[in-house]
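Structure first, then comments.
The values are calculated or read from the model by the stated rules, or taken from the named source; none is laboratory data. The shown structure was predicted, so the numbers you read here are calculated from the model rather than taken from an experiment. Glycine also receives a Cβ, built like all others from the backbone with ideal geometry; neighbour counts cover every protein chain displayed.
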Amino acid sequence: MDYEKIFSDTWEVFKENFVTYLIATLVAMIGSILIVTIAPLLYGLVEMAVRGVKGEPIDYKDVFSGFDNFVRSWVFVLVAVILLAIGYMLLIIPGLILSILLLYAFPLLVIRGYSGIDAIKESIEIGKNNFLDTAIISVILWIISGIGSYVIFGSLITTPIVVIASVVVTYRMIENHETAYTYVADFEEVNDTSSDANEGVHRPL
């Protein structure tokens with residue numbers, strides 16, 4: 001995986017709308033004081049990142065879009081928290097591994113429109129099939145988040161960067177996964193019809 005490309009793409013998305021992301025993150029942080037708003041506001045931040053990665057216009061008010069998926073966002077958060085709690089109770093290592101495998105879960109919840117459980121299941125599947133890359137990206141994102149927490153107002157910058165990066169890498173994993181299956185389908189079709197071997201093959205980002 002091209003880590004440099006992932007983070008250069010992340011930076012370009014953030015830089016293009018950095019004021020909007022900063023305001024939305026601030027709103028989410030303040031709004032999360034109420035606790036019940038945490039999940040939908042996180043959903044809103046992820047949805048803003050998805051729109052930004054797709055090149056769509058965004059507004060800081062988009063952070064409230066998660067309230068349209070209030071129940072789904074909370075089901076996801078509760079299931080993920082319970083799984084992580086159980087994992088960390090089992091001598092920490094299982095929880096750490098699960099934290100890595102869940103890297104793609106929230107982006108998949110938004111991108112695919114999955115239920116919380118389906119997003120978690122696919123994230124774990126992708127993570128298992130690409131564990132080294134997933135672990136490296138996870139560690140990098142944890143370091144970025146850690147730096148933000150030790151700098152005054154640093155989280156206003158690092159939080160949207162981490163969210164955007166998770167969306168970028170999720171899209172990369174999705175496309176690589178679908179490309180592999182498309183290639184197999186094309187190869188089988190070529191054998192059957194003797195058509196052009198490159199026809200219909202998708203390339204990863």
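Would you say L41 is crowded, with 23+ Cβ neighbours inside 10 Å and either out of contact with any helix residue (DSSP H, G or I) (no Cβ under 6 Å at 6 or more places or on another chain) or in contact (Cβ under 8 Å) with a residue 12 or more places away in the chain (or both)?
Values: crowded, with 23+ Cβ neighbours inside 10 Å: yes; either out of contact with any helix residue (DSSP H, G or I) (no Cβ under 6 Å at 6 or more places or on another chain) or in contact (Cβ under 8 Å) with a residue 12 or more places away in the chain (or both): yes.
For L41, the condition - crowded, with 23+ Cβ neighbours inside 10 Å and either out of contact with any helix residue (DSSP H, G or I) (no Cβ under 6 Å at 6 or more places or on another chain) or in contact (Cβ under 8 Å) with a residue 12 or more places away in the chain (or both) - is met.
Name the pairs whose Cβ atoms lie under 8 Å apart, with the first residue in the range 101-129 and closer than 22 Å to F64 by Cα and free of Cβ contacts under 8 Å to residues at least 24 places away in the same chain, the second of a type outside the set (K, R) and in a helix (DSSP H, G or I), and 6 or more positions between them or separate chains?
R112/D118; R112/A119; R112/E122; Y114/L108; Y114/E122
For the range 143-158, check the following and say yes or no: at least one residue is under 29 Å from E12 (Cα atoms), assigned to a helix (DSSP H, G or I), at pLDDT below 95 and under 14 Å from the mean Cα position of the chain (by Cα).
No, there is no match, as no residue in the range 143-158 is under 29 Å from E12 (Cα atoms), assigned to a helix (DSSP H, G or I), at pLDDT below 95 and under 14 Å from the mean Cα position of the chain (by Cα).
Given the conditions (1) in a helix (DSSP H, G or I); (2) among the acidic types (D, E); (3) within 23 Å of A165 (Cα to Cα), report the number of the one that E56 does not fulfil.
Among (1) in a helix (DSSP H, G or I); (2) among the acidic types (D, E); (3) within 23 Å of A165 (Cα to Cα), the lone unmet condition for E56 is (1).
Against the definition (of a type in the set (S, T, Y), at pLDDT below 95 and under 28 Å from N129 (Cα atoms)), how does S65 come out, yes or no? Working first, answer last.
Details: of a type in the set (S, T, Y): yes; at pLDDT below 95: yes; under 28 Å from N129 (Cα atoms): no.
The answer is no for S65.
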